[in-house]
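Here the structure comes first, spelled out in structure tokens, and everything after it is commentary.
The values are calculated or read from the model by the stated rules, or taken from the named source; none is laboratory data. Just so you know, these numbers come straight off a predicted model, no measurement behind them. Because the Cβ atoms are built from the backbone with ideal geometry, glycine has one as well, and the counts that use them run over all protein chains shown. Surface areas here come from the heavy atoms of the whole protein model, side chains and all, with no ligands, DNA or RNA. Shrake-Rupley method; radii C 1.70, N 1.55, O 1.52, S 1.80 Å.
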Amino acid sequence: MAKHIGIVSVSSEGAALCYQTICSEAGARMGTYRHPEISMHAFPLADYVRFANARDWDGVAGLLLQSVEKVAGAGADFAICPANTAHEAFHLVEPRSPIPWLHIVDVVADAASAGRRSKLGILGTRAVMEGKVYPEVLAKRGLRMAVPDAAHRERINAAIFDELVQAVFKPSTREYLRGVVAALAEDGCDAAVMACTEIPLILKQEDVGIPILDSTRLLARAALDEALA
């Protein structure tokens, strides 16, 4: 039997894409209309934003732990969180969690290593682009990274919270993100990480000139692999 997947949701758009990817890709491996059992819990995004904006990772961890306890109580064998920013609190969550987790940045790093990438451009919330989790995980794999400059980080962060998490997808924002990825490529990046789980909803591989690593779908596929292992 497949393992039961627990999804700890932070933003609805990212969690929905992750859930949809698991379900849509499971059929090819399990049979038509089949997918592993899945339970999801979500607090309002506003609760996470309040803590994340203050860089209060203990507060973020507290929410994640309450959510994982709920999906574990529903029978989940392991958990995933399709939100990169929340992983800044992962080190506070993992030792106290009732069930194991897959780490979204580990999954991205696995894909980068498999693709023989060496320097990754990171696009995400300001907390992610300025945070510790991507540098720490990538450095352990011998991977380098780059982030946009401060002005671009601010604009990307605003686009995420003012548009993408609210399912607003403007062509002008797509064009802007394409330009950011082009600049990262000029800086020597051989892949770009969509390190915000909503960015894949607006930016596609055909929009840019270097490979993009879609953290949302990569996590979903890793969860499906784990469930069927």
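Observations, loosely collected:
- Charge tally around Glu175: other residues with Cβ under 15 Å, Lys/Arg +1 each, Asp/Glu -1 each, net +2.
- Under 5 Å from the amide H of Asp77 lie the amide H atoms of His4, Ile5, Gly6, each residue being 5 or more positions distant or on a separate chain, with H modelled from the backbone and absent for Pro and chain starts.
- Cα lying deepest toward the dipole's positive end in the chain, options Gly73, Ala111, Pro100, charges on Cβ: Ala111
- For Ala192, the residues 5 or more places off, or on other chains, whose built amide H falls under 5 Å of its own are Gly121, Ile212, Leu213.
- Amide proton proximity set for Met40, modelled H, under 5 Å, gap of 5+: Ile7
- Subtracting the Cα-Cα distance of Ala183 and Met1 from their residue separation scaled by 0.36 nm leaves 60.9 nm.
- You can think of it this way: the chain between Arg174 and Ser24 has 51.5 nm of extra reach, that is 0.36 nm per residue less the Cα-Cα gap.
- For the range 14-67, the alpha-carbon coordinates run over 45, 17, 14 Å along the three principal axes, in decreasing order.
- Computed over protein heavy atoms with a 1.4 Å probe, the carbon and sulfur contribution to the accessible area of the chain reaches 50%.
- Paramagnetic reach from Ser118 in the range 167-199 [backbone N under 13 Å; point 7 Å along Cα→Cβ]: 188-191
- Trypsin sites (Lys or Arg not before Pro) restricted to the range 81-145 and DSSP loop, no more than 10 other C-beta within 10 Å: Arg116
- Using 0.36 nm per residue and subtracting the Cα-Cα separation, the extra length available between Arg34 and Lys132 on full extension is 31.5 nm.
- Model label points for Arg144 and Gln166, set 7 angstrom from Cα along the Cα-to-Cβ axis, are 3.9 nm apart.
- Solvent-accessible surface (1.4 angstrom probe) belonging to Leu201, in square angstrom, nearest 10: 50
- Heavy-atom accessible area per residue - the range 121-229, 1.4 Å, Å²: 43
- Nitroxide proxy distance, nm - points 7 Å out along Cα→Cβ at Asp47 and Asp110: 2.9
- Using θ = phi - 60° in the Karplus curve 6.51 cos²θ - 1.76 cosθ + 1.60, the 3J(HN,Hα) couplings for the range 123-130 round to 10, x, 5, 4, 4, 6, 5, 9 Hz; x is entered for Gly and Pro.
- Within the chain, helix-based [θ] at 222 nm, where runs of 4 or more DSSP H residues each add -39,500 (n - 2.57), nearest 500: -15500 deg cm²/dmol
- Charged-residue dipole, Cβ positions (Lys, Arg, Asp, Glu), the range 93-229 about Cα centre, Debye nearest 20: 180
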